[in-house]
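Quick notes on the structure that follows.
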Amino acid sequence: MADKGIRIEGLKKRYGKGDTAVDALKGVDMQVASGEVVGLIGPSGSGKSTLLKCLGAVIEPTAGRMILGDEVIYDGGWKVKDLRALRRDKIGFIFQAPYLIPFLDVTDNVALLPMLAGVPNREARKQALELFKALDVENRAKAMPSQLSGGEQQRVAIARGLVNRPPVILADEPTAPLDSERALAVIRILNEMARQFETAIIVVTHDEKIIPTFKRIYHIRDGVTYEEAGQGRDF
Amino acid sequence: MISLAGRDIMHAWGKFVFTGMGLGLLIGITLSMAGIYRGMVDDGKALLDNSGADLWVVQKDTLGPYAEPSSIFDDAWRGILGMPGVARAANVTYLTMQVRQGERDVRTLVTGVTPGGPGTPGWPPYLVAGRQITRGHYEAVADIATGFALGDRLQIRRNHYIVVGLTRRMVSSGGDPMVFIPLKDAQEAQFLKDNDAIRQQRRRTAANPAFNRPQVPDLLNAVIASQSTNAYVNAVLVQIEAGHDANEVAESIRRWKRLTVYTRSQMEEILIGKLIATSARQIFMFLVILSIVSAAIVAFIIYTLTLGKIREIAVLKLIGTKNRTIVSLIMQQSIALGLIGFVVGKITATLVMAPIFPKYVLLEPLDSLIGFGAVVVICILASIIAIRAALRVDPAEAIGG
Ligand SMILES: Nc1ncnc2c1ncn2[C@@H]1O[C@H](COP(=O)(O)OP(=O)(O)O)[C@@H](O)[C@H]1O
Ligand SMILES: [Mg+2]
């Protein structure tokens, strides 16, 4: 398990230069094993989004190391040539809002990802439908996103994050728009998926309803992380 | 892979169809404009074809008889007929004027043709109804576009004519339908004065001591008689004998008769290169402006549609969509808009605009093809602004702050 999941060592990120430079991350250390769901909690402006963006390979860190699975992706500079393919194949994203593509039906919203990776349409849709069963939205597979409830949309978005079986899932406030029952349901799904697909999941949140569910929590303040054991309460 | 552009269009088809229809009307106008130009060229060619002439003999140093006034003596044709290589030569007059019929009047090109038979230069080559002119006076053959019918009484100046025959597609280079009348009548019509003017001219002639000489009593009457006849025509139309070269015959008429002679190709050059050149430029300017307006509309719509999709584009980029895919998404939508516009435009131009325009609109397949190419190019160019906006979208935006 140690050579899978996510490992971050001394990660730094500075925005801007000179007098106006902001050190958003000042040396972050973090480790998430495959099959584990950890919480990342911190006040606004503490650097949560910056950390997710670095891990998600959409902004470049200033220093440190990032390892996804057994691949060093960053070590003082990108070690991967095609960041777009890295994002597509290795990282699943789940956002605060579902951000589904409004002109694709539910199935194709999810199947689009394997399609982008070159999987034939039929096969890609089959993969999507399998996930819909697990996420209990199979009866909405042909619907358009606008016809879905908020909870259903978020589950479809989770399916999209999972469909390429990425070793890592980054979830940014995935439960913010949901009531506590739905929020706990989402956490349950994420935990099941983590176990089932051996995925390392980081959930950024300040949702009081779900914080007690994490076994492990990273607190982040002023760009530095502190690890803490969570309550690991049942949901 | 699925077509993202296609799915987006199906999702927002209302926007595409309505914008496409608006664009289509513009494209329809553009195609009709090109058709009007082609129609003008075709009218000019029809005029030359229908005259049945190989050579036009006109007043020296003029661009007559269509592009400039020209008058030559009405006996010049005899000498021309005697030249080697000339098969037939006939006088002709052209006069654009309003022809009255009952309550209404129609703008026409009144053409005076010499007596003879069908095939005489200047005669309408075929009729769709009735017969050719057989009498020397007061009969007319009218183009069907005048709206006149067989047996109608036309008034040209003070004289009345009976319509005995109808033709089709006999028009002036300006698109006015033609009315054929006997040459003598036409010569008179060109110079016919009203009674007051005739009386006044007689008075002036009589008051001139050079003409009114008591010792020569017949002189005054002779002068007055010559003043009220018209011995001019506008041109002589010449047909060439088989086996002779038009340029050579033209050259010998120029040399021996000291008149200006145009061949068919020179005449075409005058009609298209000079007579309708200003209209052509004007139409060209319209085409340019319409193209710019169409491009602006497409650019604006595609840009707006793209701005509405910024978040989706950020998500697409984040999940690993290639820039190429996003560029083609936008460009395909732009082209799709152009295609809808082109189809709507082609249909409205063919079924709605061409039939109701008063001028002849000739829609050439080649023009449609060029128009189609232009629409595609314009749409591609118009999508550039939107594409730039889409490429600037940062995938980090999908993650938020
Ligand atoms: N693009 C940027 N340019 C400059 N400073 C930024 C940028 N993004 C974030 N920051 C700064 O970095 C710090 C951390 O921000 P962020 O990672 O968004 O925190 P959080 O998500 O925890 O609210 C803040 O001080 C913020 O102002
Ligand atoms: Mg944030």
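The values are calculated or read from the model by the stated rules, or taken from the named source; none is laboratory data. Being a predicted model, the structure only gives us computed values, none of them experimental. Heads up, the Cβs are rebuilt from the backbone with ideal geometry, glycines too, and the neighbour counts pull from every protein chain shown. Accessible surface is based on the protein model in full, side chains and every heavy atom, while ligands, DNA and RNA are left aside. Shrake-Rupley method; radii C 1.70, N 1.55, O 1.52, S 1.80 Å.
What accessible area per residue comes out for chain B, rounded to a whole number of Å², with a 1.4 Å probe? Please list the in-between numbers first.
On the way: 19440 Å² over 401 residues.
It amounts to 48 Å² per residue over chain B.
To one decimal place, what orientation-averaged projected area in nm² is obtained for the convex hull of the Cα set of segment B:39-194?
On the way: hull surface 37.0 nm².
That works out to 9.2 nm².
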Tell me, rounded to the nearest percent, the portion of alpha carbon pairs in segment A:38-171 spaced more than 24 Å apart. 35
Nearest 20 debye, what's the magnitude of the dipole of chain B about its Cα centre given +1 on Lys and Arg Cβ and -1 on Asp and Glu Cβ? 640
Over segment A:6-229, with the other protein chains present, what is the accessible area per residue in square angstrom, probe 1.4 angstrom? 41
For labels at B:Ile370 and B:Asp61 in the simple 7 Å Cα→Cβ model, what's the distance in nm? 3.7
If I require 20 Å or longer along the helix axis, counting alpha carbons, and a Kyte-Doolittle average no lower than 0.0, what helices from chain A are left? Use full DSSP H segments. A:180-197
Considering only protein heavy atoms and a 1.4 Å probe, what is the carbon-and-sulfur percentage of the accessible area of chain B? 60
Buried by at least 20 Å² relative to the chain on its own: which residues of segment A:93-108 qualify, computing accessible area with a 1.4 Å probe on protein heavy atoms? A:Phe93, A:Phe95, A:Tyr99, A:Ile101, A:Pro102, A:Phe103, A:Leu104, A:Asp108
Which whole number gives the average count of other chain Cβ atoms within 10 Å of the Cβ atoms across peptide B:107-116? 0
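Among all helices in chain B defined by DSSP H, which have a length of 27 Å or more along the axis from Cα atoms plus a Kyte-Doolittle mean of at least 1.6? Let's see the in-between values first.
Numbers: long enough: B:13-51 (53 Å, 0.64); B:277-307 (44 Å, 1.95); B:323-347 (36 Å, 1.22); B:365-392 (41 Å, 1.88).
Span-like helices, by this rule, are B:277-307, B:365-392.
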Taking the Cα atoms of segment B:295-401 alone, what are Rg (to one decimal) and Dmax (as a whole number) in Å? 18.2, 64
Gap in Å between the Cα centre of segment B:317-389 and the Cα centre of segment A:179-235? 52
When the dipole is taken about the Cα centre of the protein assembly as shown, and only Lys, Arg (+1) and Asp, Glu (-1) are charged at their Cβ, what size is it in debye, to the nearest 20? 820
List the lysines whose Cα sits under 21 Å from the Cα of B:Lys45, skipping any in the same chain fewer than 8 residues away. B:Lys274, B:Lys359
What part of the accessible area of chain A, given as a whole %, is carbon or sulfur when the probe is 1.4 angstrom? 46
As a test of the formula, what do you get for chain A when each DSSP H run with n ≥ 4 contributes -39,500 (n - 2.57) and the sum is divided by the residue count, at 222 nm and rounded to the nearest 500 deg cm²/dmol? -9500 deg cm²/dmol
What average count of beta carbons from other chains do you get within 10 Å of the Cβ of residues in B:309-317? 4
Kirkwood hydrodynamic radius of segment B:179-333, Cα pairs, Å: 24.3
Would you be so kind as to list the residues of segment B:1-45 that have their accessible area lowered by at least 50 Å² in the full protein complex compared with their chain by itself (1.4 Å probe)? B:Met1, B:Ile2, B:Arg7, B:His11
Can you give the accessible area buried between chains B and A, summed over both chains, with a 1.4 Å probe, in Å² to the nearest 100? 2500
Highest first, please rank the peptides A:187-197, A:135-145 by the mean number of other Cβ atoms sitting within 10 Å of their residues. A:187-197, A:135-145
Flagged links, alpha-carbon separation over 21 Å, of A:Lys48/A:Lys215; A:Lys26/A:Lys209; B:Lys60/B:Lys257: A:Lys26/A:Lys209
Quick one: what Rg and Dmax do you get for chain B from the alpha carbons, in Å? 31.2, 118
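For segment A:6-229, how big is the tail of P(r) above 26 Å, as a whole percent of Cα pairs? Could the numbers behind the result be given before it?
Values: 8830 of 24976 pairs.
For segment A:6-229, the share of Cα pairs beyond 26 Å comes to 35 percent.
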What residues from segment B:364-390 fall in the zone where the backbone N is under 15 Å from a label point 7 Å along the Cα-to-C-beta line of B:Leu339? B:372-373, B:375-377, B:379-380
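Counting each pair of different Cα atoms once, what's the Kirkwood radius of the protein assembly as shown in Å, rounded to one decimal?
Numbers: mean 1/r = 0.0313 Å⁻¹.
Result for the protein assembly as shown stands at 31.9 Å.
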